[in-house]
1. If you go through region 40-87 one residue at a time, how many are under 15 Å from PRO4 (Cβ atoms) and surrounded by 16 or more Cβ atoms within 10 Å (Cβ to Cβ)?
2. Go through region 88-116 and count every residue that is assigned to a strand (DSSP E or B), surrounded by 14 or more Cβ atoms within 10 Å (Cβ to Cβ) and of a type outside the set (Gly, Ala, Ser).
3. Out of curiosity, is ARG160 out of contact with any Lys or Arg (no Cβ under 9 Å at 6 or more places or on another chain), open to solvent by 40 Å² or more (accessible area, probe 1.4 Å), in a helix (DSSP H, G or I) and of a type outside the set (Gly, Ala, Ser)?
4. Kindly list the number of the only condition in (1) of a type outside the set (Lys, Arg); (2) part of a loop (DSSP other than H, G, I, E, B); (3) touching a Ser or Thr at 6+ places or on another chain (Cβ under 7 Å) that fails for CYS62.
5. With the condition kept exactly as written, say whether any residue in region 117-138 is surrounded by fewer than 19 Cβ atoms within 10 Å (Cβ to Cβ) and touching a Gly at 6+ places or on another chain (Cβ under 8 Å).
6. Of the conditions (1) under 24 Å from LYS166 (Cβ atoms); (2) within 14 Å of the chain's Cα centre (by Cα), PHE76 satisfies every one except a single condition; which number is it?
7. Being outside any loop (DSSP other than H, G, I, E, B) and of a type in the set (Val, Ile, Thr) is the filter here; which residues of region 15-45 pass it?
8. Any residue at all in region 13-35 that is open to solvent by 30 Å² or more (accessible area, probe 1.4 Å) and within 21 Å of GLN163 (Cα to Cα)?
Amino acid sequence: MKRPILIHPDPRLKKVCVPVADISDDLRILADDMLETMYAAPGIGLAAPQVGILQRVIALDCAKEGEGDARPLVMFNPAVISSSDETNVYEEGCLSIPEQYAEVTRPKEVEVEWMDRDGNAQRETFDGLWATCVQHEIDHLNGKLFIDYLKPLKRQMITRKMQKLKRERAREQ
């Protein structure tokens, strides 16, 4: 089931999420819903707080169309355990900050640990776009948005645009 995506500024997007204790059927349904919502948006990553759930769950799939099969990943309690000194700059966007993009510098490679939907511990090294995406989504779990990396003036400008968008959407309903 597709879920509504929260738009910045929303206080839930700035909260630190609680760890998942057990992988329940409800959490597996959430994971499936998050993937469906992310693909429909369309996006390459989605964190639980973006759909109003303050738990440490992210979904991502950075496989580009026409470049092999989709690779949907759901991570419960993901954590970066190491990162490279080398950095990458990507123009990032966010489903909670529609149609706004900015360059963000992050480590080029990260090693991440998480639990999969069966409760098994996983560990993988990601690089390039995958590394950027997983870091962006883990930031959401810590109440941080990509615009928090920007200079205050640019961040304020984007926030004002989002406030206007939310007012316009509220009028349409």
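The values are calculated or read from the model by the stated rules, or taken from the named source; none is laboratory data. Quick caveat: nothing in here was measured; it's all calculated off a predicted structure. All Cβ positions, even for glycine, are placed from backbone atoms using ideal geometry, and neighbour counts span all protein chains on display. Heads up: the accessible areas ignore ligands, DNA and RNA and are worked out on the full protein's heavy atoms, side chains in. Shrake-Rupley method; radii C 1.70, N 1.55, O 1.52, S 1.80 Å.
1. Qualifying residue count, region 40-87: 8.
2. Within region 88-116, residues that are assigned to a strand (DSSP E or B), surrounded by 14 or more Cβ atoms within 10 Å (Cβ to Cβ) and of a type outside the set (Gly, Ala, Ser) number 17.
3. Considered against the rule, which asks whether it is out of contact with any Lys or Arg (no Cβ under 9 Å at 6 or more places or on another chain), open to solvent by 40 Å² or more (accessible area, probe 1.4 Å), in a helix (DSSP H, G or I) and of a type outside the set (Gly, Ala, Ser), ARG160 comes out as yes.
4. It is condition (3) that CYS62 fails.
5. The answer is no, given that none of the residues of region 117-138 is surrounded by fewer than 19 Cβ atoms within 10 Å (Cβ to Cβ) and touching a Gly at 6+ places or on another chain (Cβ under 8 Å).
6. Checking PHE76 against (1) under 24 Å from LYS166 (Cβ atoms); (2) within 14 Å of the chain's Cα centre (by Cα), the one that fails is (1).
7. Of everything in region 15-45, those that are outside any loop (DSSP other than H, G, I, E, B) and of a type in the set (Val, Ile, Thr) turn out to be VAL18, ILE29, THR37.
8. yes
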